[in-house]
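What follows is a set of notes on a single structure, which appears directly below.
The values are calculated or read from the model by the stated rules, or taken from the named source; none is laboratory data. Computed from a predicted structure; not experimentally measured. As a convention, Cβ positions derive from the backbone with ideal geometry for all residues, glycine included, and neighbour counts pool all protein chains shown.
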Amino acid sequence: MDALTGGDFTEAQEPYALFEAWFEEAKASEPNDPNAIALATADASGLPNVRMVLLKGFDPRGFVFYTNTESNKGRELEANPQAALCLHWKSLRRQVRVRGAVERVSDEEADAYYASRPRQSRIGAWASQQSRPLESRFALEKAVAVNAAKYAVGEIPRPPHWTGFRILPQTIEFWADRPFRLHDRVVFARAGEGWERTRLYP
């Protein structure tokens, strides 16, 4: 078996190549959204919030997702810039957990990703007051129509309240199902410029 994707994955010496290998397998095997992540933040009282969002990029700097900064998660991340995410690939019986501090992506990164979205999604970013009370579906559809007319011609600029966040991992854990719940787990923890690897009991 491949040391990265098979039974010897716990011998990998750094997490990013391992994550990329697993992610490529997930893209081939998951029926929907292999990049779906459960994203956890916390409010001012410390009460956690978790929801599904889409992972839109990863590299040695961290893991990136995009949102309305005026949403619940956006406000929570501004007040407490720490988060955790979990990817669960049921078809592969694997999961990856990431925890760390959070920073905004650059305006250039946010602009580039926003420009790559379908036109209707870009209009939706203007129309949706994410997480706030909505009086009716009609009110949302009206806001979409108003913004579609406003941006009927030409480029649609990125809203000032819409950007990306990058989780800067302090730990990355890889989990693989094994019979009788004797699963394989390995966690990478930041150690200066490198990583410390530890195998965990299931």
Could you check region 32-45 and list, in sequence order, the residues that are over 21 Å from F65 (Cβ atoms) and not hydroxyl-bearing (S, T, Y)? A44
If the Cβ limit is 7 Å and pairs must be 6+ apart or interchain, which residue in region 148-174 that is without any contact (Cβ under 8 Å) to a residue 40 or more places away in the chain pairs with which residue that is among the polar types (S, T, N, Q)? none
I'd like to verify a number: residues in region 17-49 that are closer than 11 Å to W89 by Cβ and in contact with a helix residue (DSSP H, G or I) (Cβ under 7 Å, 6 or more places away or on another chain), how many? 1
Filter region 44-85 for residues that are acidic (D, E) and surrounded by 14 or more Cβ atoms within 10 Å (Cβ to Cβ); which is nearest to G124 (Cα to Cα)? E70
Looking at region 96-106, can you tell me whether even one residue there is within 30 Å of E25 (Cα to Cα), more than 19 Å from the chain's Cα centre (by Cα), surrounded by 14 or more Cβ atoms within 10 Å (Cβ to Cβ) and at pLDDT 95 or above? no
Would you check if A26 is of a type outside the set (F, W, Y), surrounded by 19 or more Cβ atoms within 10 Å (Cβ to Cβ), modelled with pLDDT of 95 or more and touching a Gly at 6+ places or on another chain (Cβ under 8 Å)? no
Filter region 65-84 for residues that are part of a helix (DSSP H, G or I) and touching a Ser or Thr at 6+ places or on another chain (Cβ under 8 Å); the one that is nearest to S29 (Cα to Cα) is K73
